[in-house]
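**Q** Following this message is one structure expressed as structure tokens.
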Amino acid sequence: MVKQIAVIRGDGIGPEIVDQALRVLDRIAVLYGHTFHYTDVDMGGCAIDKYGDPLPESELKKCVESDSVLLGAVGGDKWNNVPGHLRPERGLLRLRAGMGVYSNNRPAKIWPQLADASPLKASIVAQGIDFIIVRELIGGIYFGEHKTEGNTAIDVLKYSETEIERIGRIGFETAQKRNKKLCSVEKSNVLDSSRLWKKVMHRLAAEYPDVELSDMLVDNCAMQIVKNPAQFDVIVTENMFGDILSDEASMITGSIGMIPSSSLGATACGLYEPIHGSAPDIAGQDKANPIGTILSAAMMLRYSFDMPGEADAIEHAVSSFLDAGFRTADIMSDGMTLVGCQRCGELIVRSLQKI
Ligand code: NAD
């Protein structure tokens, strides 16, 4: 197959980690006889420096016209004081909205080799951590009106039934492919938008009789994720709740550097990125863990290119790398062999086999 991939290296560690993911994709192309064409896209701080805009229309167009987008990370101290509408993160919000990717899927899964890295008690980890958070990505308070009037600031939280229904369906369909348990998370004891959310989820449930739907208030969910994560299979929630809960979920699995994500909309063209930021504290030092980005590339193959075997091959190669005792600094423990970002990519490429 021939695929066009828009590549956004971004800022900080972005270029280092993306380069390792591209090495892995190049090896997959050789092993499986595919051709991946890469188009470089400037977004974030580097685009502000170049064009005075975190995502110019011409760069967004390259993404929309590609088969999928692979992103490293954007942002850094250098751009902290630019006006809000010009911040690097604005580029990211514009990209998500421009691509129409309304569903962000983040797996929270513990690799058995890294069980010790979880901050949770061993007895809780032993029960298993393997769930997905499906987060609504282009609605809610992040996309409502923002304004400041004198010393009062206002941010509007708004959801329509249509917006809730389309993300709800992704939640049910994701659960159907897993253990058929869907937990809908909201704040229906306080918010009208949450009451509508709950109503729509229960209406949809009739169409997915094989999925067991439960409801949970967001504050309780934040507690349950650390108390009993094994109870979850798929969580579906709105934008801001999902943003916060998915960071919490990533921490219980050990390292932020290991976790990939996919964002999809109505078409197969998706946005794939690790969940972490641009880590300016370790940028340019060959210390970053590229595995979250490499696994994001695997998700791209699985969900956008319908290449499940190729995705499995990457995940196996990562597992072999960990089995062999190699660790980047963020997941290092006694008795393991410390490697840098480039060596990590090289060793994973070397472990790749057609399966
Ligand atoms: P961060 O995720 O960049 O870093 C948090 C901590 O985790 C740091 O100590 C960092 O060194 C470490 N870390 C992150 N990724 C790592 C990796 N792959 N390997 C090893 N260690 C890793 O979060 P932050 O420090 O709050 O934000 C830094 C910048 O990134 C900010 O400008 C922020 O706005 C931006 N940001 C961007 C995105 C994105 O592009 N999607 C997401 C979050 C934050």
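The values are calculated or read from the model by the stated rules, or taken from the named source; none is laboratory data. All figures in this text were calculated on a predicted structure; none of them were measured in a lab. Neighbour counts are summed over all protein chains in view; Cβ atoms, including those assigned to glycine, are modelled from backbone coordinates with ideal geometry. Protein only, heavy atoms only, side chains kept; ligands, DNA and RNA dropped before computing areas. Shrake-Rupley method; radii C 1.70, N 1.55, O 1.52, S 1.80 Å.
**Q** Among what's in region 330-342 and is open to solvent by 60 Å² or more (accessible area, probe 1.4 Å) and within 14 Å of the ligand (Cβ to nearest atom), pick the residue that is nearest to Ile282 (Cα to Cα).
**A** Asp330
**Q** Right, something else. Name the pairs whose Cβ atoms lie under 8 Å apart, with the first residue in region 273-296 and under 24 Å from Asp26 (Cα atoms) and without any contact (Cβ under 8 Å) to a residue 12 or more places away in the chain, the second open to solvent by 30 Å² or more (accessible area, probe 1.4 Å) and within 8 Å of the ligand (Cβ to nearest atom), and 6 or more positions between them or separate chains?
**A** Correct list of pairs: empty, since none qualify.
**Q** Could you say whether any residue in region 5-18 is over 16 Å from Leu71 (Cα atoms) and in a strand (DSSP E or B)?
**A** Within region 5-18, none of the residues are over 16 Å from Leu71 (Cα atoms) and in a strand (DSSP E or B).
**Q** Just the residues that are of a type in the set (Asp, Glu) and touching a helix residue (DSSP H, G or I) at 6+ places or on another chain (Cβ under 9 Å), please, taken from region 58-88.
**A** Glu59, Asp67, Asp77, listed by residue number.
**Q** Can you tell me which of (1) at pLDDT below 95; (2) open to solvent by 10 Å² or more (accessible area, probe 1.4 Å); (3) near the ligand (Cβ under 7 Å from one of its atoms) is the one Gly257 doesn't meet?
**A** For Gly257, the failing item is (2).
**Q** Next up: Sort out which residues of region 19-66 are outside any helix (DSSP H, G or I) and within 19 Å of Glu310 (Cα to Cα), and write them in order of number.
**A** Gly33, His34, Thr35, Phe36, His37, Tyr38
**Q** Show the residue pairs meeting these rules: Cβ distance below 6 Å; 6+ apart or different chains; first residue within region 23-37 and over 14 Å from Asp312 (Cβ atoms); second residue of a type outside the set (A, V, I, L, M, F, W, C) and part of a helix (DSSP H, G or I).
**A** Arg23/Gly345
**Q** Just to be sure I understand, how many residues within region 136-184 are open to solvent by less than 10 Å² (accessible area, probe 1.4 Å) and either of a type in the set (D, E, K, R) or within 23 Å of Arg302 (Cα to Cα) (or both)?
**A** 8
**Q** Hey, among the residues in region 67-88 that are surrounded by 23 or more Cβ atoms within 10 Å (Cβ to Cβ) and part of a loop (DSSP other than H, G, I, E, B), which one's farthest from the ligand (Cβ to nearest atom)?
**A** Val74
**Q** Within region 22-34, does at least one residue satisfy the condition of being of a type outside the set (D, E, K, R), in contact with a Lys or Arg (Cβ under 6 Å, 6 or more places away or on another chain) and away from the ligand (no atom under 13 Å from the Cβ)?
**A** Yes.
**Q** Residues of region 318-348 being among the aliphatic types (A, V, I, L, M) and over 22 Å from the mean Cα position of the chain (by Cα), which ones?
**A** Of everything in region 318-348, those that are among the aliphatic types (A, V, I, L, M) and over 22 Å from the mean Cα position of the chain (by Cα) turn out to be Ala324, Met332, Met336, Leu338, Val339, Leu347.
**Q** Can you tell me which residue among Glu248, Glu238 is buried (at least 20 other Cβ atoms within 10 Å of the Cβ) and touching a helix residue (DSSP H, G or I) at 6+ places or on another chain (Cβ under 6 Å)?
**A** None of the other options fit; the residue is Glu238.
**Q** Got at least one residue in region 262-277 being closer than 18 Å to Glu16 by Cβ, β-branched (Val, Ile, Thr), within 16 Å of the ligand (Cβ to nearest atom) and buried (at least 23 other Cβ atoms within 10 Å of the Cβ)?
**A** no
**Q** Can you list residue pairs whose Cβ atoms sit under 8 Å apart, with the first residue in region 311-334 being hydroxyl-bearing (Ser, Thr, Tyr) and the second being more than 16 Å from the ligand (Cβ to nearest atom)? Count only pairs 6 or more apart in sequence or on different chains.
**A** The qualifying pairs are Ser319/Gln113; Ser320/Ser351; Ser333/Asp116.
**Q** Of all the residues that make up region 304-321, how many are of a type outside the set (S, T, N, Q) and crowded, with 19+ Cβ neighbours inside 10 Å?
**A** Matching residues across region 304-321 total 9.
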